[in-house]
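Everything below concerns the one structure shown next.
Readers should treat all values here as calculations from the given coordinates under stated rules, not as data from a laboratory. The model shown is predicted, which means the values in this text are computed figures rather than measured ones. A quick note on method: Cβ atoms are made from the backbone with ideal geometry, for glycine too, and the neighbour counts reach across all protein chains shown.
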Amino acid sequence: MRKRMNSNWGRGIALLMAFVVTASSVCGCASSQSEQKSTTVDTAKKKETSQGLAETAAEAAAEEDTNGLMAIYDSIEPLETPTTLRYAGGVGNQLVMPLYIAWASGGLEKAGITLDFYPSPTGPLSVEALTAGEVDFAGSGIGGIAVGCATGNARMLCWLSDDSVAQKFYVKKDHPLASKEISSETGFRGTAEDWKGKEVYMPSGSTLQYVMSEGLSRIGLTLQDITPVYMNIENINTALYAKKGEIWGLWNFLCYAEELSKNYEVVMDGHSIGVNLVTAYFTNDKAWENPQTRSALEKVLEIHFATLKWMQADEDNMEQAAHMMTEWCEAEGTAVSYEENLAYLKETYYYSLDENMDYFSNKVTNDNGEMVKALDMLMGIMDFYIEQGNYTEENRQNMISNQENLFIKDGLQSLGRK
């Protein structure tokens, strides 16, 4: 049987409920330097716990290990000095599932790591927590990555996953666009004439708006050529099922509801048009320059990739991961079915260790100059954010000149020495 963890992840689950947010908040948020200054949680509030929820989460994670998960952690050499790491991030989302699995199964504890979890409803707020010294590392989607890189307050440890696969636009199956073929040139349905004037529901300044903007540009259109209706993702989801509107943008687990596949058709998605919407683990200078904390962060990377390998080894393992994700969501108060979580996890593209080594070590030359591949992958979304007025060209140039400090390859390289 798995051993119950002595960790604060359970208290984070209880605290996050107060924000009334879902996993979609982390990866789909808008990004701006003018983000309201606020740390993740007040220190006093962090100490408030809901023991019932913590117990439920721990007990749900303590199922019998039927798929050899603990054998992974048996082979990982523990830290010489047990270490507590403070982590900021959202609850119940796919990007940090390897970390959650390692916590819930006992892998982190076996390696000598106690995880102190600080819930954060958005990536930019995770960067604020890093800047304030509240946490040692964080997990976030593109919003937090952009803030961290533009301000220079975060150092990227690795890419986790690509969120573009779960950025989708839908129409009813009887809509004219639904019958159009997916173009091999654009990656989505319809021509410029098909899209002109169409009513599209999406959050303003979001990754969904970025995907729509990029898609339209491939057929010679801009956002001014359609009729955008800007609202938050929860209201869009409600409007879709009420059949109010014409084209709806959804993200993350909302894209995997059974009702969608029955009555709606995807007309555009981020993955098919080839945008990069990376998620990441990142840290700060203070944590990375502390030898004990750095060793623990390197151990987290080792555990992450080992757990990811286990998740993707076979169907049974992925199903076990989906069950754990569902239990996590239930403990947090987010009603997401096992079937939806399984579909989400199976479609998520996770970056491998080899890919990360390539992205963080090698450089390319583009219109903005020479840069490490990991930074090159951010240029498309930075173009969009600059166009929206969230950032400036000066911010981009600062990122390029500071890239050696922003993207840490040493942590990834340490895994090759083990």
What is the spin-label model distance, in nm, from residue 413 to residue 75 if the labels are put 7 Å beyond Cα along the C-beta direction?
-> 2.5
Mind sorting 282, 360 by how few other Cβ atoms lie within 10 Å of their own Cβ, fewest first?
-> 360, 282
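Show me 196-207, 288-299, 346-357 ranked by packing, highest mean number of other Cβ atoms within 10 Å first.
Values: 196-207: 19.7, 288-299: 17.8, 346-357: 16.2.
With the highest mean Cβ count within 10 Å placed first, the list reads 196-207, 288-299, 346-357.
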Under 20 Å Cα-Cα from residue 262, which aspartates and glutamates qualify once same-chain neighbours fewer than 8 residues away are excluded?
-> 174, 181, 246, 339, 340, 347
Beyond 31 Å (Cα-Cα) in this structure, taken from 196/243; 180/244; 309/373; 244/309, we find 244/309
Interatomic Cα distance distribution for the stretch 165-273, bins of 10 angstrom, percent | 15, 55, 29, 1
To the nearest µm²/s, what D does Stokes-Einstein give for the stretch 207-326 at 4 °C and 1.567 mPa s, using the Kirkwood radius over alpha carbon pairs as Rh?
-> 71
Between the stretch 234-311 and the stretch 84-104, how many Å separate their Cα centres?
-> 13
May I ask you to sort 304, 271 by Cβ crowding, counting other Cβ atoms within 10 Å and putting the fewest first?
-> 271, 304
A correct fewest-to-most ranking of 244, 168, 180 by other Cβ atoms within 10 Å would be 244, 180, 168
